[in-house]
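Here is the structure we will look at, set down as structure tokens.
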Amino acid sequence: MEVEEEIMVEAAKKGDKKAFEAIVKKYHNVLYYTALGIVGSGWEALDICQETFIKAFNSINSLKDKSKFRSWINRILVNKCNDYFRKNKNEVCVDFIEETGGFIEEGSEESIDLLRALSSLKENSRVVLTLRYFQDLSLKEIAAILDIPEGTVKSRLSNGLEEMRKLMKGYKNSG
Amino acid sequence: MNCNDVKGLMEEYIMGELDVNTFNELKKHIDGCSSCKTEYDETKKLIGGLKKLKESIKIKDDILELNKKNILKNTKEKKFNMKRFFSGIAAGMFVIMFLFTGSIVAFPTFASNYVPEGIPVIRQLKEIQNNYNEAKVEIEEIKRENDYIKQQNEEMKLENEELKRTIKEIEGENITEYQTSEGIDPADNQIIQGMVIRFVKALYRGDIETMKEMCNDEFKGKIANERTEILFSNDGSYVYLNDTNVIFTQITNVAKEGDVYYVFVRLNDGIYEDAADYQLNFELEKINGEFLISFVGKDA
């Protein structure tokens, strides 16, 4: 799988359209859900996802280590999310549920609560939790993407989970 | 290993990323520590939920497909704005549907087949639809009102034409003659209306003699004995008010029944504001080619 990906990335670097297509096919949805988890808006996530791929393909030649493609594209995605936060400083992320309301399968009350709790977390924790559980990335990979020590990833995860447990309990008690 | 150590490693424990020795140490502690056990259970459930979360977030495949296509198309170009694109489509469809059907009633239903419910475009469309329908109702109401006003104007125009024709001078007064029954000789009509006006003028002068001259014997007696309501105003005081101006508003009706003639005249004497405008109903008899007033009654 990894080798396959490296071949794909190599072909994309040479401008192979088919390789681009294969990469988009492989990463599009996972990056979309990650962006959604981070910014909390379905439409913004689609845009961020687009911007990420466009930026990736336009600068794919700057990627030295082909095996790090996943981390590399995730780093672009996180940067795009940060750009979005910078541009929308005054907009508190409260439209998560509303915006994604139509995206959530019916009857998943718990999913809505989880999304609500996730969107209430600090940006730092939200990014780490999303990368970790939406993409199953290792602590090391997350540390590389965010360019922070592994220990910081751990503490952000642990704080985020703690906060979410409290929030979920609160939702449960308030019915 | 104490509780704090366990807390620090809990996440990796749940994700199965610890080496065997550390894993076993943690397991041993958690099994024997109720507070760590609770935290473990809760955190495990939470992580499980988060891992499944992305599966429960659904977006229509065709939107994702479209986004993918746009990415490939725009790799070397400016990014494609999905939100604006869908708003654009929506606006386009709106115009087309409007042109075809003159109504957007069917539209949001149509659109929601292509994009998920609850997304901004559909909400906007539903708003547009509601606003459109409200505006439509308002416009129809205004149209109805306009038609009504137009109709009223036409009627008033006709009425004015009618009135212009029937304003005439009787005994020095310009009086609107509202309605005259057919079958009344125009000369007779002129006479009786003239009598009525002379009678009213005499009434307001307090000239009982002139009034009596115009009446038959029976009504003459009533006037002489002050037994007629026309001699009293609304509050019961005597009506002989010298120099009181009276306005002849209009001759409401002139009618005929056998030898009895009726003349209804509207007056305004401005004495009592609330009852300034009133009507006197005259009954006249034609005896031997001569008219005599047989009764005068007050009407609001």
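The values are calculated or read from the model by the stated rules, or taken from the named source; none is laboratory data. Since the model is a prediction, treat every value here as computed from it, not as a measurement. Note that each Cβ is placed from the backbone with ideal geometry, even for glycine, and that neighbours are counted across all protein chains shown. Side chains are part of the model used for accessible areas, which takes the heavy atoms of the whole protein and leaves out ligands, DNA and RNA. Shrake-Rupley method; radii C 1.70, N 1.55, O 1.52, S 1.80 Å.
Scanning the range A:19-39 for residues that are surrounded by fewer than 24 Cβ atoms within 10 Å (Cβ to Cβ) and within 14 Å of the chain's Cα centre (by Cα) turns up A:Tyr27, A:His28, A:Asn29, A:Val30, A:Tyr33. Among the residues in the range A:123-130, are any surrounded by fewer than 20 Cβ atoms within 10 Å (Cβ to Cβ) and either more than 9 Å from chain B (Cβ to nearest Cβ) or at pLDDT 95 or above (or both)? Among the residues of the range A:123-130, at least one is surrounded by fewer than 20 Cβ atoms within 10 Å (Cβ to Cβ) and either more than 9 Å from chain B (Cβ to nearest Cβ) or at pLDDT 95 or above (or both), which makes the answer yes. A:Gly15 satisfies every condition listed in (1) open to solvent by 40 Å² or more (accessible area, probe 1.4 Å); (2) assigned to a helix (DSSP H, G or I) except (2). Taking residues in the range A:152-175 that are more than 7 Å from every other protein chain (Cβ to nearest Cβ) and free of Cβ contacts under 8 Å to residues at least 40 places away in the same chain, and partners anywhere that are surrounded by fewer than 18 Cβ atoms within 10 Å (Cβ to Cβ) and among the polar types (S, T, N, Q), the pairs with Cβ atoms closer than 7 Å and at least 6 places apart or on different chains are A:Arg156/A:Asn124. Among the residues of the range B:9-36, those identified as among the acidic types (Asp, Glu) and more than 21 Å from B:Lys51 (Cα to Cα) are B:Asp19, B:Glu25, B:Asp31. The set of residues in the range B:241-300 being within 41 Å of the chain's Cα centre (by Cα), modelled with pLDDT of 80 or more and of a type in the set (Val, Ile, Thr) consists of B:Ile251, B:Val254, B:Val265.
When A:Glu10, A:Glu21, A:Glu5 are checked against the criterion of being over 26 Å from A:Arg132 (Cβ atoms) and away from chain B (no Cβ under 13 Å), a single residue qualifies: A:Glu10.
When you go through B:Ile119, B:Ile89 one by one, which is the residue that is more than 10 Å from chain A (Cβ to nearest Cβ) and either open to solvent by less than 70 Å² (accessible area, probe 1.4 Å) or at pLDDT 90 or above (or both)? Before the answer, list the steps.
Values: B:Ile119 fails: more than 10 Å from chain A (Cβ to nearest Cβ).
One residue alone meets the criteria, B:Ile89.
Residues in the range B:193-205 that are open to solvent by 30 Å² or more (accessible area, probe 1.4 Å) and of a type in the set (Gly, Ala, Ser): none. For the range B:38-46, state whether one or more residues are open to solvent by less than 50 Å² (accessible area, probe 1.4 Å), under 60 Å from the mean Cα position of the chain (by Cα) and farther than 21 Å from A:Tyr171 by Cβ. No.
Checking the conditions here, which among A:Leu36, A:Leu114 is over 26 Å from B:Leu66 (Cβ atoms), within 12 Å of chain B (Cβ to nearest Cβ), in contact with a helix residue (DSSP H, G or I) (Cβ under 6 Å, 6 or more places away or on another chain) and at pLDDT 85 or above?
Details: A:Leu36 fails: over 26 Å from B:Leu66 (Cβ atoms).
Selected residue: A:Leu114, the only one of A:Leu36, A:Leu114 that is over 26 Å from B:Leu66 (Cβ atoms), within 12 Å of chain B (Cβ to nearest Cβ), in contact with a helix residue (DSSP H, G or I) (Cβ under 6 Å, 6 or more places away or on another chain) and at pLDDT 85 or above.
The set of residues from the range B:213-227 being surrounded by fewer than 16 Cβ atoms within 10 Å (Cβ to Cβ) and either within 56 Å of the chain's Cα centre (by Cα) or free of Cβ contacts under 8 Å to residues at least 12 places away in the same chain (or both) comprises B:Glu213, B:Asp217, B:Gly221, B:Asn225, B:Glu226, B:Arg227.
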